[in-house]
Amino acid sequence: MIKKEKIKEIGFLLNKFQERNLDYARLPKCSFFLGAGCSKSSGILTSWEIIEKLRKLWYLNNFTNCMEFKISDFEINESSFKEIEDDFQVKYLEQETTLKKRVKNALTDFRKNPPVYLKMYLETAKDNEIIENIFNDLLYGFWFETYSENPRERQKLIEYLIDLKEPSGAYLLFSHLIANSKITNIFTTNFDDLLYDSLIRYTDIKPKVYSHNEVAQFINTYSSRPNIIKLHGDFLFENIKNTKPETSLLWSNMENKFQEALKSFDLIVVGYNGADDSIMNTLAKLKEIHYGLLWCGQNADSLNWRVTEFINNTPNSYFIEIKSFEFLVFELYNLFKTEINIPDFISNAEKKEKEIFDFISDFKSDLNEDLSLDISDKENINNTLEIVLDRNSFFKVAELSTDEQFQFIQKLRIDGISRTLKNIYSHISWENAQELYKELDENGFFQRKLKEASIQHASNALSNLKKIDFERTKAILDSIDNSVIQKKIEEASPEDLYSGINELKAISPLKIEKILTERNFLPTKIDFEKQDLRHITYTLKTVSRDQGIDLLISRSDDLLEKLNSEEIKEIVLFFDTISDLYYKECRTLFESLDSEKLRTKIEKQDLSLLSITIRVFNQINKELTKVIVSQLDNNQLVSRLNETNLLSLKSILFTLKDVDLKLAKKLFDLVSDEELYKKFNHAELLNIAESAEYLAKIDTYRIKRIIHRFNSQTLTAKINNENFSYQQFGNAMSKLIVFDFDNICKSARDANSDRLSDLISSTLNKTGEQVFLHFVPTYFKVDRELFSKIIQKASQEYIDNILKWSKIDLYTVNLPYLKRIFDNNNMKKESEFVSYIISNNQERFNKKIRKKWKKY
């Protein structure tokens, strides 16, 4: 059984899912692992259903005239199959008896060399229990192998099982979470393309799919473009893994990428039973990295034995009870529903329709002008193409009259009204949206609609409407009787209330604060035994400040008991969330915590959480934090610093620097130069640059020494193998040339400038004028040939926008570098314009030059 402390509510997962990555703030905290259970609602068989099909196909192929009982190669006539059911059961049970004997014979070896997480289980488990568990785990691979030894035949069966299956609603919602950067890495043992199909059809995102070991080495798990990583391959390849020998080990490249991802991402597992060795042993081997594991399932008691032991015996591993994959995805989607941009399917469809019709029209004209075709051929072609061209557009919503739009929108719920108006505002006409909003806002229309809605729908709707007309939205909210909102508050769950109150406060803070003040809230009614710290946090953020202070003071003993018993992460989250509102009370609580228990909890955490913990505690009470930090086991800290990657090392040491510079320097010194260089060498170029900049504030000379150890070929290889935007490359170079100008410049100049200029120039349209001009001197000094190519490949519109920027004179001192690049590219008009700006701002230019000389 799963230990009680290892079982968490879904709220724990939802909170985890909302966190950003500690090393890469632009990325989410969690990656996902999808098993076969996720595809069940899309019509794909589960593992046990596949086993049953394999048994029957094997029997029909080996013991009967199978065509009599088959509808097709892989489809069985179940009604006629009942005639041979008894003999079938005898035969397949005979096969499985041989498998069980093999398991029994291998038991002694298994007991001698078990995975680490199973050792405690094997000390008490009886032989029969172990045999039965292993036997059940092996059935899937055993029956695939028994069905056919030919990989091609197994591949064809899998292709049949997943062919023409359509993604369920859960995959559609899941794909929008991916498209909006809430998920970037999805590992799966599934062979189907349901997730890929959802992303391609219903979003603007095209994911990278990796299903072959040879290409897995090129996976970038830190890319913002999503990765779908098929650990057991794809039905398009014959080398898919589905038999016991094949699934016992992951391919080396796949395992390496799995390991890379788990260094920086926690893992949410859903729909997977945990029965194959390759995944479980890899997860266990990588558990030393201390990634967080959230294993989702419907019932803790029915978990696979391996999973139960794995969660019980490894740190930072928990079981989350969910009703289904669909329910989990809905809850995840619900967290970000206001942020998620659903593509404008109507506009996209209309655009595609226009492209098709334009192409057909051009094609028709070209054919009519083709002298090689006779008149009868042309008439036949024209008649065929006219049928296509006369078809109506897919949707005509944008063409509805104002009255028709008005009537349509009135029938919707308040959240539907707000989304419709917002989409019209964003994609069709902001004037039309404002006019419709104004016309609808008559005779208490919105007040009636809002009265019918729950607080989360009301707050979400008003948040959408404020983007169209803030003053009108505020007036609507202010006009609603306080008792109506008060009633919604009392009926709402803590989670809905938390988000709802924050959204409403952003529209009318005084009104909402008044409502909260009038709320009949009694601190004594809160049952601290039933509520975790998260729910207490929700309460403190959804009452008036005076009521919150009353709660924190009157129930301080209960709170202290709760805080002393909770995990360090929950304690940190509690203080971080409410300290801005209740600083004094948080400080008092923090100072009253059991310092020994707190220190012990802090010591057990990984470096990423340790860094956050110190930062949050430091904001509440710097002196006490310094005392706690000074009592930590330095040897243990150094051991972890040696094990961690460069970004985690930088993060913890830089945080420690603000608390105790001497301690930070001491710990930094205990990490050997060899170990430090190894960390730098394994990192990406931008991470090297950022870490060098931060760590130099602890020991500048040491960082210079480390950067000087890089040979230019190593750095050039990194530049050639990594992707950069204009800002990223400029940022990396500007930071690194401080430490070793000549070597860094050489590495950039030796890189593939055609590839690099293509990459960087493609990002210019997303680069603002200020950022572009800021990095001009860096690009010029590091590699003017590269900079010249970037400018050559930039659009004329972008260059014109830079030169027309109203604040360009603020960067006068950088413009001579830009002028020289323009001259180099024979861009006379642009060069003359830059000369004009410099001459008009000569005093500003001279002043900056004098300042530079003064420094020296």
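The values are calculated or read from the model by the stated rules, or taken from the named source; none is laboratory data. The structure presented is a predicted model; accordingly, all values stated were derived computationally and were not measured. Please note: Cβ atoms are built from the backbone with ideal geometry, for glycine as well, and neighbour counts cover all protein chains shown. Remember, those area values only see protein heavy atoms, side chains included, never the ligands or the DNA or RNA. Shrake-Rupley method; radii C 1.70, N 1.55, O 1.52, S 1.80 Å.
Below is a table of values for the structure above.
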item: Average Cα contact separation per residue, the chain, under 8 Å, 6 or more apart, as relative contact order %; result: 8
item: Long-range HN-HN contacts of Gly292 with modeled amide H, under 5 Å; result: Asp266, Leu267
item: Heavy atoms of Thr64: accessible area, 1.4 Å probe, square angstrom to 10; result: 40
item: Cα shape, the range 512-563, gyration tensor, a/c 1.5 rule; result: prolate
item: Mean separation of Cα contacts under 8 Å, 6 or more apart, over the residue count of the range 439-589: relative contact order %; result: 20
item: Additional length obtainable on full extension of the chain from Glu591 to Glu439, 0.36 nm per residue less Cα span; result: 49.0 nm
item: Order of exposure, largest accessible area first, which applies to Leu759, Leu667 with probe 1.4 Å; result: Leu759, Leu667
item: Given Lys678/Lys704; Lys626/Lys666; Lys665/Lys718; Lys505/Lys541, the pairs whose alpha carbons are separated by over 21 Å; result: Lys665/Lys718
item: Met1 versus Asn720: modelled label distance in nm, points set 7 Å from Cα along the beta carbon direction; result: 6.1
item: Computed FRET value (nearest 0.05) for Val771 with Lys208, which takes r as the C-beta separation and R₀ as 35 Å; result: 0.80
item: Net length gained if the chain between Trp430 and Arg749 were fully extended (0.36 nm per residue, minus Cα distance); result: 110.0 nm
item: Packing rank of 695-702, 776-783, where each peptide gets the mean count of other beta carbons within 10 Å, highest leading; result: 776-783, 695-702
item: Cα-projected label distance for Asp481 with Asp546, points at 7 Å along beta-carbon direction, nm; result: 2.4
item: Inter-centroid distance (Cα atoms) of the range 605-659 relative to the range 773-845, Å; result: 44
item: Centroid-to-centroid separation of the range 671-738 and the range 110-175 [C-alpha atoms, Å]; result: 44
item: Calculated FRET efficiency for the pair Phe406/Asn642, C-beta based, R₀ 60 Å, to 0.05; result: 0.35
item: Simple spin-label estimate for Asp658 and Glu674 in nanometres, 7 Å along Cα-Cβ; result: 3.5
item: Among 496-507, 551-562, 516-527, the order from most to least packed when residues are scored by Cβ within 10 Å on average; result: 496-507, 551-562, 516-527
item: Asn105-Ser72 FRET efficiency (beta carbon distance; Förster radius 51 Å; 0.05 resolution); result: 0.85
item: Among Trp48, Thr588, Gln89 the positive-end extreme of the charge dipole of the chain (Cβ point charges); result: Thr588
item: Probe 1.4 Å, all protein chains present, accessible-area order of His457, His176, largest first; result: His457, His176
item: Net lengthening on full extension, Glu52/Asn502 (0.36 nm per residue, minus Cα-Cα); result: 156.8 nm
item: Cα centroid separation - the range 516-583 against the range 451-512, whole Å; result: 23
item: Label point 7 Å beyond Cα of Lys323 along Cβ direction - residues of the range 451-483 with amide nitrogen under 14 Å; result: none
